[in-house]
Structure formats: C-alpha cells, structure tokens
Amino acid sequence: MEAEERRADRALILAGRHPVLEALRSRARPIEEVLVEVEARERHADILALARQAGVRCSRVPRAALTTLAGGGHHQGVVARVAPREYADLDEVLAIPAARAEPALFLALDQVQDPGNVGNLLRTAEALGVHGVVVPRHQAAGLTPHVVRAASGALEYLPMARVGNLVQALERLKQEGCWIVGAVAEGPEGRDGPQAPWRTDLRGPVALVLGSEGRGLRPLVARTCDLLVRIPLAGRVGSLNVAAAGAALLYEIRRQRSRPSGPVGKNAVDTEGRGT
C-alpha cells in the first residue's frame, strides 16, 4: 500500500485530557508539543509530567489559543501537536490475535459515515478487546480529526486498516479462520433469519460487520457474512443506532468469552443449552 494511502486524512491536533494522556502513555506516534491553558496548569500536572519524561516540549498558552488550535472550545485546557495517525496494513491487523494468543475479534464497518458513531465504536471496541478495525476506503469515515477526538485515545492502541474492497477483505478474514457475523436491524428470528446474538456461540474467531446508519449492510456484504444477527427490542423505537448496536453486540461477545471456548456458527448451542 502506498504511503499516501496509509496516511490519516488529517489528525495533527489532539484536544482533551484523554486523547493527550493516551498518546503520551502509548508513545505510538511522535508528539511535537503539549500545550496547556495557563490557568489550568495544576489540573494537568500529570500530563505535563508524562510529557517531560518523554522529552516532549510543553507550553502554557491562553485558552483562546487552544480554542483556535482545537477548532472549538471542547479541549479541557490541553492540546497536543502530534504526527498524523497512519492506517495499518491488513496483514498487520490479522497478525495481532496470534501474537496475543487470543481468538480473533475484528470489527468491520460497511460505509459508516458519521464521525461520532465511528469514534464511539472505536472507543468501545478498544475497551472490549477488539484486535483491529477494517473500513472501506470510500464513503466511510476514516481517521479524521472528529473521529480521533470521539475515540478519546482508543486509536493509540487500536489499529485501523482501510481497504479498497470490503467484501474481498471479509473473504480474507474467512481464510484466516474468522466467522463473519453481520448485524441487521430487521428480519424474523429463526433458523433461516437473523439470530439473536445470545443464541449464537461467538467465542471463537469472529469478525463483526456493522452497516451504515441509513441503509445497513450492503446486499453483497450481507451475502458474504456467514451469519446475520439481530438485537431483539422490547421498546417502540424502531432500531438502535450503529454505535449503540455495536456496543451491545461487542459486550455480548465479551460476555460469552468469559466462558470456556467452543464452536462458532449457526448450529452452535445457545447459552441455555438449546440447539439453534
């Protein structure tokens, strides 16, 4: 992959305590400078200490200067200038589970375009042990400043691969032994329809695929999945947004993985011991 294709769109400024703290802790990319609000220096003493330990230049500036750099007032009195975040190569992402001796857990986003949703999904994914995220190159939110900010530091630990063809990437994940599980909002539950996630054993290698906010999974992407799951709802709202649905499904996978490992797929035994 060419260097210009791997480079993030634009993420030279990190704003807020969590993104700056995690960038300093992880040391995943070079940090040029940390700037804190003059009046808030004591509140950010931990950040300043980490920056000095890492040999990063620190500056005290007026709040207005931070607001200008951050493109708004949501910076909590601290901003960092950092190197652009790069996309990972898909091969690098696929190697992570084996290196950690864990069953693979990947998240694939099919044209999810809202930066806030993507950032929230990345934050949840990192917290719940996802090894990497795969997004298509076109019509999808990537490593933009808004996504980086919404992820609140998760991208310092969670690699994202950007691919030209998501279906081909999913086929590659299948070759690596992953069960491709797509999330849908509608469809009758049953043997031939979407399964409730807790009626499917998700403890083995899994790639969870989430669709766009308006259209869901594209037809070809859905047909590529080995299994479709749907979260049954008890309320009157038609469906959860993609960030909430993704969080619920990743939590279910995490819950199941606290149990002994077992098979994955349509014909696995559900959590109550009944065949699905």
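Here is how the numbers come out for the structure above:
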| quantity | calculated |
| --- | --- |
| Gain on full stretching of the segment that runs from SER258 to ARG63 - 0.36 nm per residue minus C-alpha separation | 65.6 nm |
| Span from the region 117-132 Cα centroid across to the region 79-102 one, whole angstrom | 13 Å |
| Hz values of 3J(HN,Hα) by residue in region 150-156 - Karplus curve (6.51, -1.76, 1.60), Gly and Pro given as x | 5, 6, 6, x, 4, 6, 6 |
| Kirkwood Rh (inverse of mean 1/r, distinct Cα pairs), the chain, angstrom | 19.8 Å |
| Shape box of region 3-82 [Cα atoms, principal axes, largest first, Å] | 40, 28, 18 |
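Read-outs throughout are calculated quantities, based only on the coordinates presented, and are distinct from any laboratory measurement. In this text the structure is predicted, and so the values were computed from the model without any measurement.
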